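Just below is one structure, and these are the notes that go with it.
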Amino acid sequence: MASSSSFDSDTRWKNTALLVIDMQNDFILPDGLMRVDGGQAIVPNVIKAVEVARRRGILVIWVVREHDPLGRDVELFRQHLYSSEKAGPTSKGSLGAELVDGLVIKEGDYKVVKTRFSAFFATHLNSFLKTAGINSLVVVGVQTPNCIRQTVVDAVALDYKYVAVIVDGTAAATPDIHFGGLS
């Protein structure tokens, strides 16, 4: 049996990345502008997934929404949330766009900013992962039927060898919506 130190330092994880999706205050906190009801409950599991990934040498990629405060880059169905008087959800530089307490981008991690559901849509994520030799993905975050599901569908379409979702590290507004989004 391998010791935990040899397991942690082996190279079997060098082609794997952990995608941490939308674990930001506006999605997680009770007063968040885009609160996902199940989001706060998964924070400890996401923290644990990040810790395990770092220990095993798995690349941690933070996928976040950061919108123009006026909403000029947001989906049409969300533009009503932005105005010239107040910044909308996950506006760049806002408290709502920050990672929830307990999650920290560290040296060696990577950050991708998205403005749509998929982490791959109109971002450089795919080229970055391919250049880094990544062919396997593990996904955590919110919201299961939207950002998680669309990112996974796109990863499969882009021919990633393995794509896994940590069920208790992802969440949606209700358990039914969460598990429906996983099927």
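Things to note:
- Taken over the range 87-117, the criterion of being over 15 Å from the mean Cα position of the chain (by Cα) and hydroxyl-bearing (Ser, Thr, Tyr) is satisfied by Ser91, Ser94.
- Any chance Val63 is of a type in the set (A, V, I, L, M), under 21 Å from Leu95 (Cβ atoms) and either touching a Cys at 6+ places or on another chain (Cβ under 9 Å) or free of Cβ contacts under 8 Å to residues at least 24 places away in the same chain (or both): yes
- Every residue from the range 163-173 that is in contact (Cβ under 8 Å) with a residue 40 or more places away in the chain and open to solvent by 60 Å² or more (accessible area, probe 1.4 Å): Asp168
- Cβ separations smaller than 8 Å between residues 6+ apart or across chains give the following pairs from the range 106-124 residues that are farther than 22 Å from Leu70 by Cα to residues that are hydroxyl-bearing (Ser, Thr, Tyr) and not in a loop (DSSP other than H, G, I, E, B): Phe120/Thr151.
- Subset of the range 35-70 that is among the small types (Gly, Ala, Ser) and surrounded by fewer than 21 Cβ atoms within 10 Å (Cβ to Cβ) - its residue that is nearest to Gly180 (Cα to Cα): Gly38
- The lone criterion from (1) modelled with pLDDT of 95 or more; (2) open to solvent by 50 Å² or more (accessible area, probe 1.4 Å); (3) of a type outside the set (A, V, I, L, M) left unmet by Ser84 is number (1).
- Residues that are touching a His at 6+ places or on another chain (Cβ under 8 Å), open to solvent by less than 40 Å² (accessible area, probe 1.4 Å) and either modelled with pLDDT under 95 or not aliphatic (A, V, I, L, M) (or both) are absent from the range 131-139.
The values are calculated or read from the model by the stated rules, or taken from the named source; none is laboratory data. This is a predicted model, so every value here is computed, not measured. Cβ coordinates were reconstructed from backbone atoms using ideal geometry, including for glycine residues, and neighbour counts include every protein chain displayed. Only protein heavy atoms, including side chains, enter the accessible area calculation; ligands, DNA and RNA are left aside. Shrake-Rupley method; radii C 1.70, N 1.55, O 1.52, S 1.80 Å.
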